Structures are given as C-alpha cells and as structure tokens.
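Contents: one structure, followed by commentary.
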Amino acid sequence: PLAPGDEVVGTDLEYGACEQTWEWLCAKRGARYIKAHVPLPVSSPDEVVAAIFAAVTPRTRAIFLSHVTSGMALRLPIEEVARRAREQGILSVVDGAHAVGQWPVDLDALGVDCYASNFHKWLCAPKGSGFLYAHRDQHAWLESPIVSWGWVDGNAHFRTDTPFVSRNQMQGTRDIAAFLSAPAAVRYLEERDWETVRERCHVLAVEARERVAALSGLPQVSPVESPEGYRWFRQMAIAPLPHGIDGAELKRRLYDQFRVEIPITGWTEKPFIRVSFQGYNTRDDLEALMAALEQVLPSMTPAT
Ligand SMILES: Cc1ncc(COP(=O)(O)O)c(C=O)c1O
C-alpha cells in the first residue's frame, strides 16, 4: 500500500487511462506518480531499463510499465525491469493489454509481481474479458476495487484458501459471458497455428513501417530487432509521419476518402501512424493503406 511521500515510477510511453489511474491513486495516498523519460529512438533494451531506473529513488514503491506500449507500439524489457525491481524491494506492475495474444506471456518466467490484460485486442476474445495476475506473495494485501460477497473473511462466500481470488472473482451480479468465451478464443488460436499467423502479420508490419518511413524520409523509433536478438514489435508497429502534419485531418481524410481506419499517434509532438496486422488482414490491406498515404501525404506535408 502506498503511503504519503511514496513514489510510483511509470514510463512516458504509457496508456493515458492507466496513467490517470495512478495519478488518482497517488493523489489519494499523498504519493507521487513519476514518468521516466525513455529517449527515442531506442537501440537496446538496456537503454530502456536504464531510463526507468534513472527515475527510481529510495521512495519508489512500484514500477509500472507496459509489456507492449500503446501509442509507440514498443515491447518493453519487463523481465529485466522486474528482476532489478525485485532486487530493490520495488513492486513491478505490468500492463499487458497489447502483449497477450501477440507475445508469449509466461508469468513465472517474466518474474513480475502484478500483470493485467484484457483479452479483446490480440487474443480475439470478447470485450469485457481479461485477467489480473498477482504473485502469491502479494495476495494478502491486494484489495479489490469492488467490494462484494467474497470480500469479508468469515462470510460464507469468502474462500479462505485463496482470499485474492475470493475478493476479486465475485463482484456483484455480473455478465460473465465474455469470461466464459475466453477459452474458446485460446482454442481458436491454438487450432490455427497462430505462431505462423503472427509471423505472417509481423512481415507485413515490418514492410508497412519501412514503406511509410520511406515516404516521410524520417528515422524509425527502434530497429526491428536489436543485435542481442531483442524484438521490439510484432504485429503492431509505428512509422514516423512528416513533422507538423495535422494528424486529426490525416486520419479524417484516410477514412472519408479511402475508408482506411487507422490511429495517428504522437510522441513529444511528433506524429506517427500505427499499423496493426491481425490474422484477418492481408497484403491487400497494406497496399490499400500505402495507396491512400501516397495520395494524401504529399498535399498535407508542411513545407520546410
Ligand atoms: C496499453 C493499454 N493498456 C490498457 C488499455 C485499456 O484497455 P481496456 O480499455 O480494455 O481497459 C489499452 C487500450 O487501448 C492499452 O492500449
């Protein structure tokens, strides 16, 4: 639990809604949420680890980071962050929303204290499904934000064998249909050799970011893979757009004129386009995007 003066370190690549959750919690507890600046472009995972630990102080109680960041689509080295955090008695809390389904998530091997994810992005399960993992050592103090039948020790619904599950699993009368269908989603991927599908998608993502960068003439934010074999992205990638471009207008034109629905993201006021290839996408989708960008970008690129 956070106390006044405590600090939580996140990166400046995190999903806004999660940052707000930390801001909210820290404000309630008199703690501070600090955003570590991760300099881009990155060339090695060690740089990310160093940037995060540069923001750590003796008051740091938790480090929060995404397994795969939303806006910049980068896989972060959570194993190494979790390992160093544990050495220093700091809790590691990981947002896996874009990793589950794209990357293997072996929670024991990752060594994190807490990991949460939805299942509707890359696992192809319905919205509303997801999971919260907490290492057994953290079960005793973790509270559920919703108090229901399983919360109070001594209540007939309280499971003494696993208070953590007891507090979190039963949260009033909920629609559990999405949860019940998650195993079918996992089976669906297993039966279709999804590793091969992921790799096919990765090839398209690599090509998309190269072709967009060739149009804008700007450098990428990371290599595809670092020399030590660390891969920065898989099915989702970003590519730099010309500086000063009106991202909202580009997004609007891509949809209105070409029916291409795609996020335009940003980092330190620099615009990027984020491509995502899922099993249902084909090369035709990539070609449609490129044809649209080739038509639209030249007329929108500010003169330098
Ligand atoms: C990195 C990341 N974390 C968390 C979320 C939030 O997921 P949900 O809206 O399912 O709670 C998202 C959604 O886009 C995300 O990209």
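Values computed for the structure shown
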read-out	value
Sulfur and carbon atoms: percent of accessible area, the range 7-176 [1.4 Å]	55
Using θ = phi - 60° and Karplus 6.51 cos²θ - 1.76 cosθ + 1.60, couplings along the range 166-173 (whole Hz; Gly, Pro as x)	4, 5, 9, 6, 9, 10, x, 8
5 angstrom amide H check on residue 91, placed H, neighbours 5+ away	62, 63
Tilt relative to the chain, helix 247-258 - C-alpha long axis, 0 to 90 degrees, to 10	70
Where only C-alpha atoms are counted, convex hull volume of the chain per residue in Å³	157
Centre separation in Å (Cα based) which lies between the range 92-118 and the range 9-45	17
Between helix 283-300 and the chain: long-axis angle, C-alpha atoms, 0 to 90°, nearest 10	70
Table column - 3J(HN,Hα) (Hz), the range 102-117, Karplus curve with 6.51, -1.76, 1.60, x for Gly and Pro	9, 10, x, 10, 9, 4, 5, 5, 5, x, 8, 7, 9, 8, 10, 7
Cα-based shape type of the range 7-176, given that a ≥ b ≥ c are square roots of the gyration tensor eigenvalues and the cut on a/c is 1.5	prolate
Degrees separating the helix 78-87 axis from the principal Cα axis of the chain, which is the longest one	40
Candidate residues 143, 79: accessible-area rank, largest first, probe 1.4 Å	143, 79
Under-5 Å amide H pairs with residue 35, H placed in peptide plane, nonlocal only	10
For the chain: accessible area per residue (Å², 1.4 Å)	50
Neighbourhood charge, 10 Å Cβ-Cβ cut-off, centred on residue 273 and excluding it, Lys, Arg +1 and Asp, Glu -1	+3
Set of aspartates and glutamates with alpha-carbon distance to residue 127 below 12 Å, sequence-local pairs under 8 removed	175
Residue 287 versus residue 181: modelled label distance in nm, points set 7 Å from Cα along the beta carbon direction	3.3
Reachable aspartates and glutamates from residue 35, criterion Cα separation under 19 angstrom, eight or more residues apart if same chain	6, 7, 12, 14, 19, 23, 46, 47, 80, 95, 269
Neighbourhood net charge (10 Å Cβ-Cβ; Lys/Arg +1, Asp/Glu -1) for residue 232	+2
The range 137-178-the range 204-263 distance, computed between alpha-carbon centres (Å)	42
Anchor residue 251: lysines whose Cα lies under 24 Å away (excluding residues fewer than 8 positions away in-chain)	121, 270
Solvent-free Debye scattering, log10 I(q)/I(0), computed from the Cα coordinates of the range 110-171 at q = 0.17, 0.27, 0.29 Å⁻¹	-0.66, -1.10, -1.16
Karplus-derived 3J(HN,Hα), 6.51/-1.76/1.60, for each residue of the range 186-193, Hz, glycine and proline x	4, 4, 4, 5, 4, 6, 10, 6
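The values are calculated or read from the model by the stated rules, or taken from the named source; none is laboratory data. What you are looking at is a predicted structure, and each value in this text was computed from that prediction instead of being measured. Positions of Cβ are generated from backbone atoms using ideal geometry, with glycine treated the same way; all protein chains shown enter the neighbour counts. Areas reflect the complete protein model, heavy atoms only, side chains present, ligands, DNA and RNA absent. Shrake-Rupley method; radii C 1.70, N 1.55, O 1.52, S 1.80 Å.
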